[in-house]
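One structure below.
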Amino acid sequence: MGTYLISITGASGAIYGLRTIQALIKGGHEVHAIVSPWGERVVHEETGQPFFAWIEALGLSGDRVYNPQDLAALPSSGSFALDGTVIVPCSMSSIGAVASGVSGNLIHRSALVSLKEGRPLILVPRETPLSLIDLRNLTSLAEAGATILPAAPAFYQKPQSIDDLVDFIAGKILSRLGLEHRLFEPWGSSPKGSQQ
């Protein structure tokens, strides 16, 4: 089993981050988390529950949830071995900070550590449309080794609910981390996924 860091920032789509945490824990992985102040607000506004209520519901250990202002916390060091870091959703402000090499908080610092250590870094932007500045920042991060995984669910699996759409993105994240899952059926694996 692996060890993963999931960060939630202040972009819409907090449920993507929560579902990713849930899927990793259910898969038996060790999960660490950081949520920005705006991320906390978005979690509450979009789900009706505060982030720390979700922590309890998901079974995430409180000592593995870090204050985003604590730059002395474990994820700020390259010696803290992680199998992957994911920022989901990732605000364009966070994209800009990481692309510029700015460690404004622990979320930014942990992303930069992933890049310098050559570890998987997945960024899930949830913004539209994208400005030229956003596109350049995303390109810089991709060139530096990050995976840019936009929160753009597919419809070939015939989603029946919002949960199906959320599971698709969480599943894509797990797939990119090299982890098996059953969050959605792969293309062509069932009649639902076949071309008509």
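Cβ separations smaller than 7 Å between residues 6+ apart or across chains give the following pairs from region 110-123 residues that are buried (at least 18 other Cβ atoms within 10 Å of the Cβ) to residues that are modelled with pLDDT under 95: L112/S103.
Of all residues assigned to region 171-190, none qualifies as being in contact with a helix residue (DSSP H, G or I) (Cβ under 6 Å, 6 or more places away or on another chain), over 19 Å from I8 (Cβ atoms) and either of a type in the set (S, T, Y) or not in a loop (DSSP other than H, G, I, E, B) (or both). For the condition modelled with pLDDT of 95 or more, surrounded by 13 or more Cβ atoms within 10 Å (Cβ to Cβ) and over 15 Å from the mean Cα position of the chain (by Cα), A144 qualifies.
Could you tell me whether region 42-59 includes any residue that is part of a strand (DSSP E or B) and at pLDDT 95 or above?
No, there is no match, as no residue in region 42-59 is part of a strand (DSSP E or B) and at pLDDT 95 or above.
Within region 124-147, restricting attention to residues that are acidic (D, E) and touching a residue at least 24 places away in the same chain (Cβ under 8 Å), which residue is nearest to S12 (Cα to Cα)?
E127
In this entry, L5 passes the filter for residues that are assigned to a strand (DSSP E or B), within 10 Å of the chain's Cα centre (by Cα), surrounded by 23 or more Cβ atoms within 10 Å (Cβ to Cβ) and of a type outside the set (S, T, Y).
Name the residues in region 120-133 that are touching a strand residue (DSSP E or B) at 6+ places or on another chain (Cβ under 7 Å) and more than 14 Å from S94 (Cβ to Cβ), would you? Explain how you work it out, then say what you get.
Here is the first cut: in region 120-133, the ones touching a strand residue (DSSP E or B) at 6+ places or on another chain (Cβ under 7 Å) are 120-126.
If the condition is that a residue be touching a strand residue (DSSP E or B) at 6+ places or on another chain (Cβ under 7 Å) and more than 14 Å from S94 (Cβ to Cβ), then P120 is the only one that fits.
Does P150 fit the bill of being within 23 Å of L177 (Cβ to Cβ) and free of Cβ contacts under 8 Å to residues at least 24 places away in the same chain? Walk me through how you get there before you give the answer.
Numbers: within 23 Å of L177 (Cβ to Cβ): yes; free of Cβ contacts under 8 Å to residues at least 24 places away in the same chain: no.
When the stated conditions are applied, P150 does not pass them.
Total residues in region 155-177 satisfying the condition of being among the small types (G, A, S) and without any contact (Cβ under 8 Å) to a residue 24 or more places away in the chain: the figure is 2.
The values are calculated or read from the model by the stated rules, or taken from the named source; none is laboratory data. These numbers were taken from a predicted model, which means no experiment stands behind them. Neighbour counts are summed over all protein chains in view; Cβ atoms, including those assigned to glycine, are modelled from backbone coordinates with ideal geometry.
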